[in-house]
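Structure record follows, encoded as structure tokens.
No lab work stands behind these numbers, since they all come straight from the coordinates. These numbers were taken from a predicted model, which means no experiment stands behind them. Here the Cβ positions follow ideal geometry from the backbone for every residue, glycine too, while neighbour counts run over all protein chains shown.
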Amino acid sequence: MKFTEEHEWLRVEGDLVTVGITRHASEQLGDVVFVELPGPGTKVAKGDEVAVIESVKAASDILAPVDGEIVEVNDAIVDSPGKVNEDPMGDAWFFKMTLSDISILDSFMDEAEYGELVG
Amino acid sequence: MAGLKRTALYDLHIELGAETVPFAGYEMPVRYALGVMREHLHCRSSAGLFDVSHMGQILVRPKSGDLVDAARAFETLVPADLLGLKVGRQRYTLLTNEDGGIIDDLMVAKRADHLFLVVNAARREVDLAHLEERLADTCEIEEVTDRALLAVQGPKAEAALEGIWSGINCMRFMDVETVGSEFGTLRISRSGYTGEDGFEISVSGQYAGPLAMALLAQDSVEPIGLGARDSLRLEAGLCLYGSDIDASTSPTEASLEWAVQKARRAGGERAGGFPGAGRILRELQHGARRRRVGLMPEGRAPMRAGTRIYREPHGGDSIGTVCSGGFGPSIERPVSIAYVQSEQGHAGTTVYGEVRGRRLPATVTEMPFRSPDFKR
């Protein structure tokens with residue numbers, strides 16, 4: 001699993017990468033009450049605002065971690081946003097997207113490095 | 001946090017795991033271990049303890065010694081009927097300005113020989129200066145600085161307080177009492193800011209911690225932070241000064257006509273006689289151009305403060321703006337409070353809020369969004 005400075009995690013399965021937010025991020029956000037996901041087939045560039053997450057506190061954007069195409073989204077978290085607080089690193093993944101260049105993953109943090117970032 | 005004041009309960013908040021934020025010059029708990037959602041639901045189903053010591057407590061004493069003189073003097077600043085208010089009762093009222101706007105919203109309690117005010121923390125200095133300027137000839141204005149203010153709110157609030165003072169169950173909504181207790185003299189009112197039955201208790205700073213701990217020792221009581229305080233008052237349709245009302249909003253615009261009693265309205269025994277009465281009485285009869293209304297977004301996306309409101313899904317000028325909005329944990333959907341043009345403010349009207357560039361439908365709704373259950 002890899003981690004971004006925007007507190008997203010990435011898990012590679014074949015030529016797809018699954019993206020979610022970290023437990024630290026979900027705790028900082030507080031209770032999640034709304035999630036909006038992109039449509040499958042959406043082409044995105046790294047840094048694009050692809051999803052929105054709102055907690056009792058505020059709204060935040062979820063950024064595309066890499067260039068690619070969204071192929072699948074997790075409608076379960078749209079129907080039950082609270083899942084993002086319950087299981088942010090597992091069942092409450094956000095979307096799966098294609099990964100054109102697997103070497104880009106080397107630029108992200110591993111778990112130990114991310115652990116240092118969030119203290 | 002540098003430069004911020006702390007209430008008498010600060011150490012207890014930290015011990016309870018509070019996350020704190022700056023609020024009106026104080027370092028205040030925004031949430032505890034439960035988190036905003038569960039704190040909110042706990043308050044609605046059981047009882048919540050809030051530290052509201054940042055709010056201002058002010059005594060207004062008549063120089064003549066005659067309470068009628070203090071009530072009459074205070075009536076020159078607010079549109080409330082205070083001569084008609086019984087001793088031992090309190091009333092929600094508004095300090096108005098000459099333009100008919102609102103300087104602050106507050107509670108005023110009538111006691112045997114004085115009036116007791118609870119005002120917003122962020123308005124305390126402005127209010128005190130205003131009272132000194134306008135009432136100095138007739139009244140002594142004294143800010144209470146050595147007392148904390150705790151709120152106990154929720155269906156189990158009365159039971160939680162029975163051990164503190166046995167007479168608690170005789171109080172009705174908006175009654176006030178001053179009682180002796182093992183925590184010193186307590187000034188208790190049956191009121192609050194959550195849309196729940198509940199109490200606010202003014203207690204000497206030295207006893208605030210022990211009183212809070214005695215309450216929290218009961219299984220029914222959990223500490224509640226400012227986050228849930230805001231979502232609770234939002235569901236109850238209650239105004240937050242600075243967001244929903246300010247110096248530019250009149251009582252009619254703010255849908256607070258009920259705070260102007262008959263005696264102070266046109267044709268009443270003491271009609272007018274408060275700042276801005278010309279505009280305020282005129283609007284009570286003829287309405288205002290804009291109005292504070294409830295909005296229920298149809299989807300799940302919250303429409304937060306600042307969201308522009310439109311009449312149509314495309315095109316046209318904005319007809320209003322959301323002043324407070326978020327998710328309502330008890331009604332399990334987003335809710336907002338907005339100012340809209342009065343002709344668009346009728347319950348059932350569909351309007352559109354622009355969220356992230358898209359206009360999403362919302363229905364104008366009567367407030368409160370959730371009916372209160374006060375002990376009257």
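For this structure, a couple of remarks:
- Taking each residue as 0.36 nm, the span from residue B:342 to residue B:298 lengthens on full extension beyond its C-alpha to C-alpha distance by 13.7 nm.
- Mean-square fluctuations from a GNM of chain B, with a 10 angstrom spring cutoff on Cα atoms, peak among B:191, B:231, B:166 at B:166.
- Within a Gaussian network of chain B (alpha carbon springs, distance under 10 Å), most fluctuating of B:45, B:64, B:220: B:64
- Counting DSSP beta bridges with both ends in segment B:165-263, the antiparallel % (nearest 5): 90 percent
- Sites residue B:136 and residue B:5, calculated FRET efficiency, Cβ-Cβ separation with R0 45 Å, nearest 0.05: 0.95
- Between residue A:71 and residue A:49, residue separation times 0.36 nm minus the direct Cα-Cα distance comes to 6.3 nm.
- Size descriptors for segment A:30-119, from the alpha-carbon set: Rg then Dmax equal 13.8, 37 Å.
- Within segment B:109-145: backbone nitrogen closer than 12 Å to the residue B:64 label point (7 Å, Cα to C-beta): B:138-139
- Cβ-based net charge around residue B:173, under 9 Å, with every Lys or Arg adding one and every Asp or Glu removing one: +2
- Between the alpha-carbon centres of segment B:312-376 and segment A:49-110 there is a gap of 30 Å.
- In this simple spin-label model, placing a label point 7 Å from the Cα along the Cα-to-Cβ direction at both residue B:112 and residue B:373 gives a separation of 3.6 nm.
- Going by neighbour counts of Cβ atoms within 10 Å, the residues A:9, B:258, A:93, B:165 line up, fewest first, as B:258, B:165, A:93, A:9.
- Convex hull volume of the Cα atoms of the protein assembly as shown, normalised per residue: 154 Å³.
- Across chain B, the relative contact order, built from alpha-carbon pairs under 8 Å that are at least six residues apart, equals 18 percent.
- Within the same chain, lysines fewer than 8 places from residue B:86 are excluded, and of the rest, those with a Cα less than 25 Å from its Cα are B:63, B:110, B:262, B:375.
- Over segment B:50-141, relative contact order from alpha-carbon pairs under 8 Å, at least 6 apart, %: 37 percent
- Percentage relative contact order, segment B:1-50, counting C-alpha pairs under 8 Å, at least six apart: 30 percent
- Simple spin-label estimate for residue A:23 and residue B:178 in nanometres, 7 Å along Cα-Cβ: 5.3 nm
- As a proxy for reagent exposure, ranking B:156, A:46 by other Cβ atoms within 10 Å from fewest up yields A:46, B:156.
- Within the listed set B:152, B:179, B:30, the Gaussian network model of chain B (springs between alpha-carbon atoms below 10 Å) gives the highest mean-square fluctuation for B:179.
- Shape of segment B:217-322, Cα gyration tensor, a/c cut at 1.5: oblate
- Calculated FRET value between residue B:247 and residue B:87, using beta carbons and R₀ = 30 Å, to 0.05: 0.40
- Part-to-part distance (alpha-carbon centres) for segment B:164-209 and segment B:220-264, which is given in Å: 21 Å
- Hypothetical label at residue B:289: residues of segment B:334-372 whose amide nitrogen lies under 16 Å (7 Å Cα-Cβ projection): B:339-345
- Our estimate of slack between residue A:106 and residue A:58, defined as 0.36 nm per intervening residue step minus the Cα-Cα distance, is 14.1 nm.
- DSSP bridge analysis restricted to the protein assembly as shown gives an antiparallel fraction near 95%, rounded to the nearest 5.
- Candidate lysines for bridging to residue A:96, where Cα separation is under 30 Å - those fewer than 8 sequence places away on the same chain excluded: A:2, A:43, A:46, A:57, A:83
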